[in-house]
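Participant: One structure, pasted below without further comment.
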Amino acid sequence: MKTISNTEFGGERPLFASHDLHLDNVTIREGESAIKECSNIVATNCRFEGNYPFWHVHGFTIDRCYFDVGGRSALWYSDHLTMRDTKIDAPKMFREMEELDLENVEMTDADEVFWRCKGIRAKNLRLHGGTYPFMFSSDIRIDGLESDSKYVFQYAKNVELRNARITTKDAFWEVDNVTVYDSELNGEYIGWHSRGLRLVNCHITGEQPLCYAHDLVLENCTFGPDCDRAFEYSTLQADIRGAITNIKNPTSGRIVADGIGSVTIDENIRQPADCVIEVRGAGQAR
């Protein structure tokens, strides 16, 4: 493998079609597509300031690097990426990619990141700002996620998420086969129109959570006092620890909680309208 170190490149495609290359302490200045149509690339201690540096790259490692705001849309149409200990200030990262392995990565403008990606494995991932991370992505495994981005995990499939703290709005909409363990989910309208969403040992806050959900499962979960009108038109099996403020018009299944503030069943409930709602140890609450 050839090594290039302690230098800088700029302009259009300075390293186009490079293979078996190690960049160490290299700065990519203003320009476009610096490392395009490449393979087997290693970048350590590098700085990326120009647009679109890694497009159509197959097999690459990015370690202890920094992406400046100008390095937007840096990683698209590529596969088999390993990224470690890297900070990203640029938006619109990770598009149409496969097989990503990330650890200790921070993104300060997580606008439209991880779109249409398949095979994401991440540990200690931090997302700040922006909208729609993980849109249309699948086969995702994350242990340790901190995010205040809006509309996370829309239309995502086959997701396993552990030890997350998410503050958002409209999260987990239209997802399919998603399990969240030991996490805190804060935001309005979480989990609407989901299919096969499972929450285990999670704490949920925000109004109107988990409506229009199909085959929803909650195990040992807790709710904040602002969670009203929960589960409207959902089919579910729910084990709730502590109290929930209000349950409205669940379609079918079973809900058990330690306390229920109120239950709203009105003329708008959908058939089969046979959901069992119980206070633990006290019997049915409806």
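The values are calculated or read from the model by the stated rules, or taken from the named source; none is laboratory data. Keep in mind it's a predicted model, so treat the numbers as computed, not measured. Cβ atoms come from the backbone with ideal geometry, glycine included; neighbour counts cover every protein chain shown. The accessibility values were calculated without ligands, DNA or RNA, using every heavy atom of the protein model including side chains. Shrake-Rupley method; radii C 1.70, N 1.55, O 1.52, S 1.80 Å.
Participant: So which of K36/K118; K2/K150; K2/K157 end up more than 32 Å apart, counting from Cα to Cα?
Facilitator: From K36/K118; K2/K150; K2/K157, over 32 Å: K2/K150; K2/K157.
Participant: If I build a Gaussian network model for the chain, linking alpha-carbon pairs within less than 10 angstrom, which residue out of F16, F94, F67 has the largest mean-square fluctuation?
Facilitator: It is F16.
Participant: For the chain, modelled as a GNM with alpha-carbon contacts under 10 angstrom, which of N268, N249, N201 fluctuates the most?
Facilitator: Evaluated over the chain, the most mobile residue of the options is N268.
Participant: How much FRET efficiency would the formula 1/(1 + (r/R0)^6) give for E30 and Y66, where r is the Cβ-Cβ distance and R0 is 22 Å, rounded to 0.05?
Facilitator: On the way: r = 15 Å, r/R0 = 0.70.
Plugging the Cβ-Cβ distance into 1/(1 + (r/R0)^6) gives 0.90.
Participant: Same structure, new question: Identify which of the listed values of volume of the Cα convex hull per residue in Å³ was calculated from the structure shown: (1) 151; (2) 95; (3) 141.
Facilitator: Step by step, volume of the Cα convex hull per residue in Å³ for this structure corresponds to label (2).
Participant: Using a 1.4 Å probe, what is the accessible area per residue for the chain, in Å²?
Facilitator: On the way: 11730 Å² over 286 residues.
That works out to 41 Å² for each residue.
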